[in-house]
Amino acid sequence: MPDVTPKNKNLHLEIYYKELARLANNIDQLTHSAFDDIKLLGGIGVLISWKPLLNAFAKNDTEENVTFLFFGFIVIALALGIIGFAALMKQSVALFYLREIQHYEKEIRKLLDGEHSQAFRVASAWKDWSQVTQRRLGIRFYAFFYVIICLFPTGVLWIGTTTDCRSFHAGWVLAFLYFLIALIVCCIHYKATANIVYTKENLG
């Protein structure tokens, strides 16, 4: 940053602060959008699976309901993958904004003669906070998420069969196929999360 005279110091400060506020607002919008996607997906999942799920456990038209559940769960798993990747794209943009905000916070501290102040350090402090708290929560959240997505529908498809041998084997095959597809979706999502978005370079 070039030398700033007292006359235009306030102007520089105003420009930096406005840009910092704009970037922070963009991050806030991206965060709210990601949570809205999760709520939307939950509503879609309930609409698709609720009635056939009840019928399956009630043993009403079991074979038809298990097949319907299978395709419904596949749609939900694929939708989860799409929304999950969209959320990762939003998170990558938010991380980029955080890296840029660090520069503005540094310049603002210089203009305020408080380079060693703890104020205006939200972005620069995010790395430590993320490693100590956020990433630990994220690991547990994704682990819970993957387990639910893979095992719960698989169990429903397996249980939602009759004692008839033919029907049982059909349900077992559908359960295995769903588990395989859901596992692939979760593995791809995990690789993208750990190796592309939340890397040491991006969090630095």
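Given the pairs Lys18/Lys90; Lys106/Lys127; Lys90/Lys191; Lys127/Lys191; Lys18/Lys39, which span a C-alpha to C-alpha distance of over 24 angstrom in this model?
Result: Lys18/Lys39 exceed 24 Å.
In nanometres, what is the gap between the two model label sites at Leu112 and Lys18, each 7 Å from Cα along Cα-to-Cβ?
1.9 nm
Provide the net charge surrounding His103, with neighbours chosen by a C-beta distance below 12 Å and charges set as Lys +1, Arg +1, Asp -1, Glu -1.
Residues near His103 contribute 0 overall.
Stretched out fully, how many nm does the piece from Phe35 to Leu137 gain, at 0.36 nm a residue minus the Cα gap? Provide the component values of the computation, followed by the final result.
Working: separation 102, 0.36 × 102 = 36.72 nm, distance 1.56 nm.
Result: 35.2 nm gained on full extension.
What order do you get for 9-16, 135-142 when each peptide is scored by the mean count of other beta carbon atoms within 10 Å, highest first? Please list the in-between numbers first.
Values: 9-16: 13.8, 135-142: 11.9.
Highest to lowest by the protection proxy: 9-16, 135-142.
Cβ neighbours within 10 Å, averaged per peptide: list 88-99, 70-81 in order, most packed at the top.
Ranked by mean Cβ neighbours within 10 Å, highest first: 70-81, 88-99.
Any read-out appearing in this document is the output of simple, stated calculations on the displayed coordinates, not a laboratory observation. As the structure is a prediction and not an experimental result, all values here were calculated from the model. As a convention, Cβ positions derive from the backbone with ideal geometry for all residues, glycine included, and neighbour counts pool all protein chains shown.
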